Structure formats: structure tokens, C-alpha cells
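Chemist: Provided herewith is a single structure, encoded as C-alpha cells, for subsequent inquiry.
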Amino acid sequence: MSDILQRLSECVEAGKANASSPFPAELKGQPGADELCQQALAAGVSPTDVLERGLVPGMARIGEKFNCGDAFVPEMLLSARAMTAAMKHLRPYFASGEVKRRGVFVCCTVQGDLHDIGKNIVAMVVEGAGFEVVDLGVDCRAEKILEAVEKHPGCAVGLSALLTTTMVNMEHIVREIRARHPQTLILVGGAPVTREFCEKIGANHYSPDPQGAVLYLKSAIAAA
Amino acid sequence: MSSEPVPADGREILHLRLAFEDARPPAENVCTVLGYAPGAAPASVRETVSALLACDDGLWSIEGGGAFYPAAAVDLAERRLVVDGVTLDIGRTVAGQLARSEGVFVFLCTAGPGIEERSRRLMAEGDPFTGFIADAVGSLVVGAAMDRVHDRVEALAGACGRRVTNRYSPGYCGWHVREQQQLFRLLPAGFCGVSLSESSLMKPIKTVSGVIGLGRDARRNPYTCRLCDLEDCLYRRLQPTA
């Protein structure tokens, strides 16, 4: 069992999604995260072990490399892609409740802003860390976000903006969330966003990269 | 590249269409803006960058240019630029850089919608890796295309005994991005097929806009990131001493 989970973990770390993935060259033609996940489940490995001992450690290692400057966003995305390829086999177990996620992360691009590449990347990496992601899309008003917060009690919220003109809409959204759900963790990000702005509007955390968001979410859950 | 400035609505308008070849960035620059030190990008990244840079199958519709305004006034105290009756609140830094300009060239340059659509499609189809790299390539292409426009403006200004400054854009160097609304009043409607949203978002997204100062004492410097407080910016990543 540990061998297949180890290989699964290595595939996620290396960004090897499936047998036809061309990278890394040394694994060309070999099974990727997609096939290994199916094999593990067919061999009777519990879906929780597949997630917690196979997939999540692989993402954690690429995250550590990112933190050390030994890997960059493209490699994180390759790993997230491999993780996603494997996760589709776990979806029935998430749906049945047999496998628990770490938490729910509601994310969106704020009102007035249509840039979603940063938000999409954060969503993939957060999902790869074991969270359920509820992606509300772009140009989101406070009402839509509040609806999602009410539907997913205890969720964390990630707000993204690329423009200084739309970044200011974060303040209103944070205020609205705080008024009705004061304990909700709110993360903010995007090119013009700074730590100072995050503090000024009363959000919990600013991260310039997806890995920072994952580390914060994990530490917040551990502290809860 | 084609086209020379032509009079339109009382303004001299320059409109260039560029081939991808005129704006193709070096692969190493793409790797640099993705975060990698020279030669350090993994094979997966290098090969994907090369494939995207080799691709010219209708992906690009690069055009740029703008309007020459021979007379413009910079108010250093008020941090404003007044052009043809339009007042732009450009902030202290840009006002200082344009202080010796007698006129301005208001520019716009776009890589077109193709690369943005490709990036979005790749992401939607489950390939965020290539989608992300395509997005970075689009940013560099529009920057390189604008370099060509800037060069042409410099040559045209030089023929009239004037020099050019660096280029400055809303959203950078303390010039608020909402000022796009005023800037667009100085360009022909629908110029280069670019539209501006209420929140000052340009579509296509891979578009740049701004002003270049013109004057006998104007100066174009090779490096200006030190003037800007935007820390997470691809242009900064391309500067070795930034």
C-alpha cells in the first residue's frame, strides 16, 4: 500500500497527471496520478489514505519548494493539475461523506473586476491542499458572497481584485460579511492589494501567492 | 509594421499593425517573469514557452498607436496634465517625469483578444499550467509591441526636433487607474478595437495605455521601476537591479 501511495505522492509533486503527460521526461509513458489513484482504490486503499497519505503530501512538498524559491507558480499548477486528475476518482467519497475535506473555501473576483486568472490559480492550489472550493466566478457583489457563506457555514472567503478601482469594493464586502458573520476568515489578494490594505479593511490575511493562502488556511484550522 | 500618422479630428493619429514577429519576446524573458533565474526553468516550462512562442496561427492581432498633441501643460503643484481641454490627475511622480514636456503622445497598444481567449480556454479545459504561461506571454507581447510603437513615436518626434520621455500608464507610478476614463477621451472612439469598462478595465485585457512626453528637453531613460511602488509587477521582474 505504501508503495503506491508514495508513487502517487511523487506524481503529484512532479506534476505527472496521467500516463500521457510528457513531463517529467523520466516518467514518460508511466502511470500518472490519474491511473495510480484508480489502482490504489481498486487495491482496497481507503480513499482517506489516498487523499491524506498520497495526494496531500505531494502538494505539500511542492508547496515547500515554492516557499524556498525552488519552485514557481507553473510547477504548482502542474501539481494542481495532477491532483485534480486524481481527485475526480475521490468525488463520490466526498459526496457520500466517507472522505472529509479540510474545510470550504469560497472564492471570487470582486464586483467590477473580470480578471480571474489569479483567483483560478488560488482555487486550484487550495483545492489541492484538501479544501472544497466554491468558486463564485467574477464580478461578485456582497449579496452573492453572503449567500454562499450562509450555505457553507464555517467557510473561509477569498476575495481577488486586479485593479485599484475594484480593490476598493473589497472594503464594502468585508464589512457586509463581518456584520452578519463576524468569525468568517477573509483572505484577500491581487496585484494592487497589500498587507496594509488588508489590515485597513479588516480582512484576516493577505497573500501575494497561492501557497501563502494555503499555509494560512491550514494554520487557521489547526488553531481553531 | 505599417502606417504613418494621419490627421483625424484635428489630431495627428498614428495607427500601426504589427506582425507577431515584430513583438515576439525572447523565451528567456518569459521564464524570467515566471520567476526563474536565467537557465533555471524546468524542461516543462521551457518547452511550453517555446511552443507558445512558435505559435502564430491567428492568435495575435497586434495593433497600437495613438494621438499626438503638440501642446500640453504640466502643473507640478496640482500634479496634473492638461491636454486639449482634458485634465488628467497624473500624480506627483508622473508629473515630475513629464515636467519638461511641451506636448504628449497618448498611446494605446493591444495584443488582441486571441491570447486571452486561448489562456482562458486552456484553464477551462483543465490545463492551468499552459494557460498561465500563455497569459504571461500575452503580457510580454503587448509590452514588446508597445516598445515598437514607442520607437516609431521617437523617430517621428525626432524628425520634428523633439525627443520623447519614457511612457507612463494609469495604475503605475502613483497614477490612479480610474484616470483611464479621462485618457480615453484623448483617443479616437474604439481605437484599436479596445473598450473601457466603468471600472477602467480595458478589453482586450492584454492592452496598455498611457502617455509619452514630447519636447526638446525630454529624455527616455532605460530604467524607471524605481519610480513605481507596484512591487509585484512583471516589468520589475525583468529589471536585473530591481
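Chemist: Anything in region B:23-50 that is among the basic types (Lys, Arg) and either within 9 Å of another protein chain (Cβ to nearest Cβ) or not in a loop (DSSP other than H, G, I, E, B) (or both)? List them, or say none.
Modeler: From region B:23-50, those among the basic types (Lys, Arg) are B:24, B:46; that's our starting set.
Selection gives B:Arg46 alone.
Chemist: Within the set of pairs 6+ apart or on separate chains, which have a first residue in region A:132-157 that is farther than 21 Å from A:Glu171 by Cβ, a second that is in a helix (DSSP H, G or I) and of a type in the set (Gly, Ala, Ser), and C-beta atoms under 6 Å apart?
Modeler: Correct list of pairs: A:Val133/A:Ala123; A:Val134/A:Ala148; A:Asp135/A:Ala123.
Chemist: When you go through (1) at pLDDT 95 or above; (2) crowded, with 20+ Cβ neighbours inside 10 Å; (3) more than 13 Å from every other protein chain (Cβ to nearest Cβ) one by one for B:Gly193, which number turns out not to apply?
Modeler: (2)
Chemist: So which residues in region B:157-183 are more than 14 Å from every other protein chain (Cβ to nearest Cβ) and touching a strand residue (DSSP E or B) at 6+ places or on another chain (Cβ under 7 Å), if there are any at all?
Modeler: B:Ala157, B:Arg162, B:Arg163, B:Val164, B:Thr165, B:Arg167, B:Tyr168
For every residue, the table says whether it meets (1) out of contact with any Lys or Arg (no Cβ under 6 Å at 6 or more places or on another chain); (2) β-branched (Val, Ile, Thr).
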site: A:Ile4; (1), (2): yes, yes
site: A:Leu8; (1), (2): yes, no
site: A:Glu13; (1), (2): no, no
site: A:Pro24; (1), (2): yes, no
site: A:Ala40; (1), (2): yes, no
site: A:Val45; (1), (2): yes, yes
site: A:Asp49; (1), (2): yes, no
site: A:Val56; (1), (2): yes, yes
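Chemist: Within region B:179-201, count every residue that is aliphatic (A, V, I, L, M) and touching a residue at least 24 places away in the same chain (Cβ under 8 Å).
Modeler: Within region B:179-201, residues that are aliphatic (A, V, I, L, M) and touching a residue at least 24 places away in the same chain (Cβ under 8 Å) number 4.
Chemist: Please give the helices (runs of 4 or more DSSP H) falling wholly within region A:53-128 in which 1 or more residues are buried (at least 18 other Cβ atoms within 10 Å of the Cβ), of a type outside the set (Phe, Trp, Tyr) and touching a Leu at 6+ places or on another chain (Cβ under 8 Å).
Modeler: A:56-68, A:73-87, A:117-128
Chemist: List pairs: first in region A:169-181 and farther than 14 Å from A:Phe197 by Cα and part of a helix (DSSP H, G or I), second modelled with pLDDT of 95 or more and polar (S, T, N, Q), Cβ under 7 Å, 6+ apart or cross-chain?
Modeler: Pairs that qualify, where the first residue is farther than 14 Å from A:Phe197 by Cα and part of a helix (DSSP H, G or I) and the partner is modelled with pLDDT of 95 or more and polar (S, T, N, Q), are A:Ile177/A:Thr184.
Chemist: Would you tally the residues in region B:154-172 being buried (at least 22 other Cβ atoms within 10 Å of the Cβ) and over 17 Å from B:Asn221 (Cβ atoms)?
Modeler: Looking only at that region, the number is 2.
The values are calculated or read from the model by the stated rules, or taken from the named source; none is laboratory data. As the structure is a computational prediction, the values presented were derived from the model and not from experiment. Glycine also receives a Cβ, built like all others from the backbone with ideal geometry; neighbour counts cover every protein chain displayed.
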